[in-house]
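J.: The structure under discussion is supplied below as structure tokens; questions concerning it will follow.
The values are calculated or read from the model by the stated rules, or taken from the named source; none is laboratory data. As the structure is a prediction and not an experimental result, all values here were calculated from the model. Note that we place each Cβ from the backbone using ideal geometry, even for glycine, and neighbour counts take in every protein chain shown. The protein model used for the area step is the full one, side chains on, heavy atoms only, and it has no ligands, DNA or RNA in it. Shrake-Rupley method; radii C 1.70, N 1.55, O 1.52, S 1.80 Å.
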Amino acid sequence: MATEDIASLLAERLSFFFSNANLRIDKFLRRLVLDSYTGGYVEIDTLLKFNTIKKISTDPAIIVEAVASVPALKLNDAKTAIARVEAFTEDMMNDNIKVTIRVGGIPTVEKDDGSHYVNTRDEIGALFEEFGEVVLVRLLTSYDRREEKKIAVGKCFVEFASADSMEKAV
């Protein structure tokens, strides 16, 4: 795969990791971004430990290249850490309520290890893209302790980039 294709994939992942939608649910990354000592910067070496990043590349130079194509992100002077241009704050933790809908009736299928969703997050997100940019799809599950199985409950949350998009969807 060409370096520019790898950088493009990394840019998409980094955009997601540093998005409001992800930081509201990712406690580990949120703790790093809210750390006043680091100024919200996350070390590239830390990001290189993320499985989805490692699958794409383990080269810090390509991550630096990827950040250059994401307007919402910036590098420190040494080009060893990444931060958001607009800082994420505690006040942003509940901003998703005005841009999120709950969807029910999502098909599931029973398997030996529990019930699973028939559709992927990406497929569900694509269904709602006609209304606006979808930033996050969270498929809801529960855990049956007696059976020791994960259970898909047939519901999800779809978070949009704007309240206007969410309004169009409802």
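J.: Quick one: length gained pulling ILE106 to LYS155 fully straight, 0.36 nm per residue minus the C-alpha distance?
T.: Contour length minus Cα-Cα distance gives 17.1 nm.
J.: Still on this structure, please answer the following. What is the count of Lys pairs in the chain whose alpha carbons sit under 25 Å apart, if the two are 8 or more places apart or on different chains?
T.: Taking the chain as the scope, the lysine pair count is 21.
J.: Now for a separate question. Output the Kirkwood hydrodynamic radius of the chain, Cα pairs only, in Å rounded to one decimal.
T.: 17.7
J.: How large is the accessible surface of LYS149 in square angstrom, using a 1.4 angstrom probe and rounding to the nearest 10?
T.: Near enough 60 Å² of accessible area.
J.: What accessible area per residue, rounded to a whole number of Å², is obtained for the range 46-170 using a probe radius of 1.4 Å?
T.: 64
J.: Let me ask something additional. Heavy atoms only, probe 1.4 Å: what % of the accessible area of the chain goes to carbon and sulfur, would you let me know?
T.: In the chain, the share of accessible area belonging to carbon and sulfur is 50 percent.
J.: Now, a different point. I need the Debye-formula profile for the range 44-86: one equal scatterer per C-alpha, no solvent, reported as log10 I(q)/I(0) at q = 0.20, 0.21, 0.32 1/Å, two decimals.
T.: Normalising to I(0) and taking log10 leaves -0.59, -0.65, -1.22.
J.: In addition: For the chain, give the magnitude of the charge dipole about the Cα centre (Cβ charges: +1 Lys/Arg, -1 Asp/Glu; no others), in debye to the nearest 20.
T.: So the magnitude is around 560 debye.
J.: Taking Cα atoms, how many degrees apart are the long axis of helix 3-17 and the longest axis of the chain, rounded to 10 and kept between 0 and 90?
T.: Roughly 60 degrees between the two axes.
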